[in-house]
1. Taking neighbour counts of Cβ atoms within 10 Å as a proxy for exposure, in what order, fewest first, do ILE13, ILE39, ILE58 appear?
2. With angles folded into 0 to 90 degrees, how steeply does helix 100-121 sit against the dominant principal axis of the chain? Use alpha carbons for both and round to 10.
3. Quick check on the exposure proxy: order MET1, MET35, MET152 from fewest to most C-beta atoms within 10 angstrom.
4. Please find the FRET efficiency linking PHE153 to THR16, where r is the Cβ-Cβ separation and R0 is fixed at 25 Å, and quote it to the nearest 0.05.
5. For the chain, what is the largest minus smallest coordinate of the Cα atoms on each principal axis, given in angstrom and ordered from greatest to least?
6. Place a point 7 Å from the Cα of ILE8 along the Cα-to-Cβ direction; which residues of region 33-73 have their backbone N under 17 Å from it?
7. Once amide H atoms are placed 1.01 Å from N in the peptide plane, what residues at a sequence separation of 5 or more from ASP33, or on another chain, have their amide H within under 5 Å of its amide H?
8. At MET1 and GLN101, where each label point lies 7 Å from the Cα along Cα→Cβ, what is the point-to-point distance in nanometres?
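Every number here is computed from the coordinates shown, using simple stated rules; none is lab data. Everything numeric in this text was worked out from a predicted model, so none of it was measured. Every residue, glycine among them, receives a Cβ derived from its backbone with ideal geometry; neighbour counts consider all protein chains shown.
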Amino acid sequence: MPKHVRLILITLILVTLQTTIVSFTSIANIIPDVMLIWIVYIAITQGQIPATVYGFAIGLLLDLIGGQFLGLSALSKTVAGFLAGYFYHENKIDINLANYQFLIFVGASSVLHNLIYFIIFTRGSDVGLLTAVFRFGLLSALYTTFVATIPMFISARRPSLR
């Protein structure tokens, strides 16, 4: 199976999980962003351009499903995929996926993603920017990074996951 077909199928499965099952794992209305973990995975294994393209496509798909602010998730996930692409190193893919560096990459990408998302989302609302960024943005980034330990441990047990 060609790699992009496999990536698209996994993406569709993860979008389904993100929009249905993951909402049941919320803690104080904060849910992990499984799609962002997937975008960072794509960035580490495929590079910056595929991560940016998949980030845009995933964000746009989530915007169309969610129907709130069309283009906001597409923008924030595109920028997060672009940033995560800087962590790509062809000779260190298995190493980067299987240790704490993966968590750092997910955490940095998640903080940037949430910062962009909440700065734009809170414009014109009665929710304060600092409240949104610190309460939802940082806590969501921590929760997403914590959930990223699952694929990290899976990669550590099977180094040839790609």
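1. Values: ILE13 11, ILE39 33, ILE58 26.
Final ranking by Cβ density, sparse to dense: ILE13, ILE58, ILE39.
2. That works out to roughly 30 degrees.
3. Numbers: MET1 6, MET35 26, MET152 20.
If I rank by nearby Cβ atoms, fewest first, I get MET1, MET152, MET35.
4. Working: r = 23 Å, r/R0 = 0.92.
My answer for the efficiency is 0.60.
5. Extents along the principal axes, in whole Å: 48, 29, 28.
6. It comes to 50-62, nothing else.
7. Excluding prolines and chain starts, which carry no amide H, the hits are THR144.
8. That separation, rounded to one decimal, is 2.8 nm.
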